[in-house]
1. Compute the length gained on full extension between K72 and D3: take 0.36 nm times their separation in residues and subtract their Cα-Cα distance, giving the result in nm to one decimal.
2. Let me know the longest stretch in the chain that avoids all GluC sites (Glu not before Pro) found in a DSSP loop with at most 11 other C-beta atoms within 10 Å.
3. Compute the whole-percent fraction of alpha carbon pairs in region 32-91 spaced more than 13 Å apart.
4. Between (i) 3.27; (ii) 1.36; (iii) 1.21, which matches Cα Rg over 2.2 N^0.38 Å calculated for the structure shown?
5. I need the phi-derived Karplus couplings for region 64-78: 6.51 cos²θ - 1.76 cosθ + 1.60, θ = phi - 60°, integer Hz, Gly and Pro marked x.
6. Which residue fluctuates the most in the chain, going by a Gaussian network model with Cα springs under 10 Å, if the choices are S36, S102, S57?
7. If you place +1 on the Cβ of every Lys and Arg and -1 on the Cβ of every Asp and Glu, how big does the dipole about the Cα centre of region 3-103 come out, in debye to the nearest 20?
8. Which one, Y6, A23, I44, is farthest towards the positive end of the dipole of region 1-51 when Lys and Arg carry +1 and Asp and Glu -1 on their Cβ?
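Every read-out reported here was derived from the displayed coordinates using simple, explicitly stated rules and does not represent laboratory data. Fair warning: this is a prediction, and the values are worked out from it, not measured in the lab. Every residue, glycine as well, gets a Cβ built from its backbone with ideal geometry; the counts of neighbours run over all protein chains shown.
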Amino acid sequence: MTDLKYQQLKQYLLQNCVGLRNAKLSSDICRGLGISSRELRDPIPTELLRDGVLLCSDSSGQRGYFIPVNRKEFEIGTRHLRSRAMIMLHRLKLADKLAEESFGIEQTQLFEVG
């Protein structure tokens, strides 16, 4: 995504998606700005966080993306991320255990690179 498109997206979100009640579907955001849904998902949320914009999403009831205005909205908007992260960590723990049993690896570490 170009810097110009990113700035347009950021401005759109700040003007139109503040609060859960103003959540927008990704398809609407993407169509309006001419970007793909992948561009919206990866790595845009991380870039927005670096710029001080807390972008959340809620898939229950077809709500979409929004900027939370309170802690409750933040919790709603990050629920699915927490769930996914826990599933992935559990899977990684099982894989580490199996690798230790299969390959004799004494100690594997989460997030070890290389």
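1. Values: separation 69, 0.36 × 69 = 24.84 nm, distance 3.16 nm.
Taking 0.36 nm per residue and subtracting the Cα distance, the gain is 21.7 nm.
2. Values: sites that count: E106, E112.
Of all site-free stretches, the longest is 1-105.
3. Numbers: 1221 of 1770 pairs.
Above the 13 Å cut-off, region 32-91 has 69 percent of its Cα pairs.
4. Correct label, based on the coordinates given: (ii).
5. x, 8, 7, 9, x, 10, 8, 4, 4, 5, 4, 5, 5, x, 10
6. It is S102.
7. Details: 17 positive and 12 negative charges, 67 e Å.
The calculated dipole for region 3-103 is roughly 320 debye.
8. It is A23.
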